[in-house]
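No value in this document is a laboratory result; all are computed from the given coordinates. These figures come from a predicted structure and were not determined experimentally. Cβ sites come from the backbone with ideal geometry, for glycine too, and all protein chains shown count toward neighbours.
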Amino acid sequence: MNPRSGDHRPSADDLRAEAEPRGIDVRVLGEGDDPATLAKAADADALGMAGGDGSLASVAAVAHERGLPFVVVPFGTRNHFARDVGVDRDDPIAALAAFTGGRERRVDLARVNGQAFLNNVSLGLYADLVHRRESHRRRGEALARLRALLLLARDRSTLGIRVDGKPVETHVALVANNDYQLDLFSLGERERVDEGRLHLRVAHGLLPGSWEERSGERFVIDSARGRLHAAIDGEPAELETPLEFTIEPQGLRVLLPPDR
C-alpha cells in the first residue's frame, strides 16, 4: 500500500483495517521502499497494489513473473487502469473482495525496454508536463493546459524521433496498451484491455488537434538525442533510446471483485 497516493477516503489506516481481517498481508510502503522488491519476497497466493496508476505496474510485473494473479486496489488520483478493467475506482474497500472471492480476467501487459506498463507511455509535451508536475504538483486541468501552451510558446522544436526507422516530426507521441479515446491534453477510456495491440499516436501541428495513428505488436522509437523524457503510466522517467515497445497479449492475470 502506498499511503501517499492520491487524496483518498477511506484513509490508509481504514483500508488496512478492512484488509487484515480478510487474511490479506498488508505492507505499507515507507520512504525508499520498492514495491517490486517486497512483492518478490512475499509468500502469497495473489499480489495486489493499493496506489495510483504509477504504483501498479511494478507489482503487476512481479505477479506476472511469479505466475500469480494481480489485484488492483484503486488508491490514487485518477485510477485509469482500475476503471478500464472494471473496478469501481471510488471504492477501494470493495476492491479487496477480489483477494478472497474474485473472478479472473486476462488482460494485456505492455513493456518499454523491458519495463512493464499498464496504460501508456507518453513522449514530448505530455511527458514534460509530468516532469514539471513532480516539482509543482497538480493545480487543476485548466492550469495544466495553460502550462502546455507556455511550453510550446517557449520551445517549438519537435522531438526529432524515428518510428521503425522513419522520421516523424511531432511534439507529442503516445504509445498505449490498447486503444484510448483522445482529446486535447486528456485521455479517455479504453473499450478493451485485451485486444493484444499497441496503439501509437503522434500529433501533427503545434497543438495535438489531429493525430496519426497506427497499431501493432511492436514499435521502435529512436532519437539522435540518446535519451528522451517520458511519462510511464503518469510517472516521470528518462529513457535511453532506442525505445522498444512490446505487448504480451492477455499476459496478466487480474482478479476482480465478484460483482464487477
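Please work out whether segment 12-101 counts as rounded, prolate or oblate from its C-alpha gyration tensor, where a ≥ b ≥ c are the square roots of the eigenvalues and a/c under 1.5 means rounded, while otherwise a/b larger than b/c means prolate and anything else oblate?
Details: a/c = 1.25, a/b = 1.15, b/c = 1.08.
In terms of gyration-tensor shape, rounded.
Using a simple charge model, +1 on the beta-carbon of Lys and Arg, -1 on the beta-carbon of Asp and Glu, nothing else, what dipole does segment 12-101 show about its Cα centre, in debye to the nearest 20? If you can, show how the numbers build up before the last one.
On the way: 8 positive and 16 negative charges, 48 e Å.
For this selection, approximately 220 debye.
Add +1 for every Lys or Arg and -1 for every Asp or Glu among the other residues with Cβ under 15 Å from the Cβ of Arg214, and state the total. Show your work: numbers first, answer last.
On the way: positive: Arg162, Lys166, Arg197, Arg201, Arg218; negative: Asp164, Asp179, Glu195, Glu212, Glu213, Glu217.
Around Arg214, the charge tally is -1.
Which three numbers, in whole Å and largest first, are the semi-axes of the equivalent ellipsoid of segment 67-106 derived from its Cα gyration tensor as √(5λ)?
Details: eigenvalues 56, 27, 14 Å².
Computed over segment 67-106, the values are 17, 12, 8 Å.
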